[in-house]
1. In the stretch 82-110, what residues are buried (at least 18 other Cβ atoms within 10 Å of the Cβ) and touching a Phe, Trp or Tyr at 6+ places or on another chain (Cβ under 8 Å)?
2. Across the stretch 360-395, which residue is nearest to the chain's Cα centre (by Cα) among those that are assigned to a strand (DSSP E or B) and free of Cβ contacts under 8 Å to residues at least 40 places away in the same chain?
3. Can you tell me which residues in the stretch 396-430 are crowded, with 17+ Cβ neighbours inside 10 Å, among the hydroxyl-bearing types (Ser, Thr, Tyr) and not in a loop (DSSP other than H, G, I, E, B)?
4. Test each condition in (1) over 17 Å from Pro141 (Cα atoms); (2) among the charged types (D, E, K, R); (3) surrounded by fewer than 19 Cβ atoms within 10 Å (Cβ to Cβ) for Arg185 and report the one that comes out false.
5. Which of (1) without any contact (Cβ under 8 Å) to a residue 60 or more places away in the chain; (2) closer than 30 Å to Thr317 by Cα is the odd one out, the single condition Glu137 does not satisfy?
6. Restricting to the stretch 188-225, count the residues that are surrounded by fewer than 16 Cβ atoms within 10 Å (Cβ to Cβ) and hydrophobic (A, V, I, L, M, F, W, C).
7. Among the residues of the stretch 341-358, is there at least one that is within 30 Å of Ala176 (Cα to Cα), out of contact with any helix residue (DSSP H, G or I) (no Cβ under 7 Å at 6 or more places or on another chain), crowded, with 18+ Cβ neighbours inside 10 Å and among the polar types (S, T, N, Q)?
Amino acid sequence: MLNTSLFKFLTQPVVGVALLSAVNVAVPCVSLAQGQPLPPTTQTPSTLTQLDTNYSLGGGDLIRVNVFEVPEYTGEYQIPPGGAINLPLIGSVSVLGLTAEQASDEIARRYSRFLKRPLISVNLLSPRPINIFVAGEVTRPGAYTLSLSGGAGNNPGVQYPTILAALTTAQGVTLAADVTQVQLRRKIGRSSEQTVTINLKDLIQTGRLTQDITLRDGDTIVVPTATNFNVAESRNLFAANFAASQTTPRTVTIIGEVNRPGSYLVTTGNTDAQGGATPNSGTATPTGLPNVTRVIQLAGGITAQADVRNLKLRRPTRTGSEQAININLWQLLQSGDANQDIIVQDGDTIVIPTATEINPAEATQLATTTFSPTSIQVGVVGEVKKPGLTQVQPNSSLNQAILAAGGFNDARASSKAVDLIRLNPNGSVTKRIVKVDFSAGINEQTNPILRNNDVVVVNRSGAASFGDTVSTVTGPLGIVLNLLNLFGL
């Protein structure tokens, strides 16, 4: 019946040739493939030249199955999660993981038991959302559902999400990422997988979008951790649109030779007019990049003992390891190498070591930089003209502090030596006697560099001490004692 009528129609010379030609051209292809698909085998990145971009059918797709010359067998079907659709006459047919062409062939094979030379076409009317997984060096790894935009099915306006869209949805790559080795893993058919390596650095440098591949349902994107940190590339990555947000606050810890070690909430420029801030505040208006020098400013600046040539930045990675990055801020000062001022990210720890030797000339130069606070506070008490707390420039010497306090109090001061009292970072207090020599330059013996909260005690001279004792004895108490002696008491 059906087979006979279809056979007669196809055997007409002109109609048959025209129809078969039309079928060869019109069999729909829902793939947005940019080339021929590779064989469905698991492959390594080194052997790949092109990624299979054919669309595989799956649960949630709305398709139309056309059975030529048999309209009662033609219909629309929403593919269930299991991937099998129930067709007239032949029953359940699994199309899960098949392309439209493969599904057409499979359905035709099943109908061939009942129809002679069945002509089947499968059209994708409405594709399902794209479910992907993003892992590795991104801000929020995990599973995501990405929506399609534009038309669907045969509509050429349909737009599938890309790798950059997926990375943006995962809130961007971290600064520990190696964007030259991003992996895209894609299931091919029902049992194999294909892996390609994508170089997003090429996209940054050239603007070529060939690396921004369109995604398919079930894809996995893995952003690896960089084994070698490049400061220049890190700065470029920070500015990329697929990196983590530039304005998101990040918690950074700084320890060592700074005036206020601790943990700080850093945004793009949250320092006050004095270069300091309250730990974990992050409330000021952003005005600059969240870099190492900004964290130093938040921590009150470096101390006079800081070794700015050998800073260390410790950065945790998604693999559980830690990147160790060396920073030379002296090179930044001398050559203007801005790459040394590394952009920080959440979880970073900055370690500022203690210098083994202090160069007075370098210490003076550092005092005028943004690494140092605008001023430090020292106490100068005792026999000076203006005793009390004194604001001096960082890396000021003992002689400068005494002069800032008005100098010695004429004949009452013991000008040969003073006491220097220092509160150490470990909580201990030290006191030492320093011989004063106003003609000497900065040196540790007679004119040391002061630290924040140091106290300089200028003692009384011998003559002043004796005079004060006599004054005490001849004062009211002395009169009382003389009266007691007079009456033999």
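1. If the condition is that a residue be buried (at least 18 other Cβ atoms within 10 Å of the Cβ) and touching a Phe, Trp or Tyr at 6+ places or on another chain (Cβ under 8 Å), then Ile85, Leu87, Thr99, Ala100 are the ones that fit.
2. Gln391
3. Ser397
4. Single failed check for Arg185: (1).
5. (1)
6. 1
7. yes
Results for (1) among the hydroxyl-bearing types (Ser, Thr, Tyr); (2) outside any strand (DSSP E or B); (3) under 19 Å from Glu233 (Cβ atoms); (4) in the same structural domain as Ser234 (by TED's automatic domain parsing), shown as yes or no for each residue.
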position	(1), (2), (3), (4)
Ala166	no, yes, no, yes
Gln171	no, yes, no, yes
Leu175	no, yes, yes, yes
Thr180	yes, yes, yes, yes
Arg185	no, no, no, yes
Arg190	no, yes, no, yes
Thr195	yes, no, no, yes
Ile204	no, yes, yes, yes
Arg216	no, yes, no, yes
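The values are calculated or read from the model by the stated rules, or taken from the named source; none is laboratory data. In this text the structure is predicted, and so the values were computed from the model without any measurement. A quick note on method: Cβ atoms are made from the backbone with ideal geometry, for glycine too, and the neighbour counts reach across all protein chains shown.
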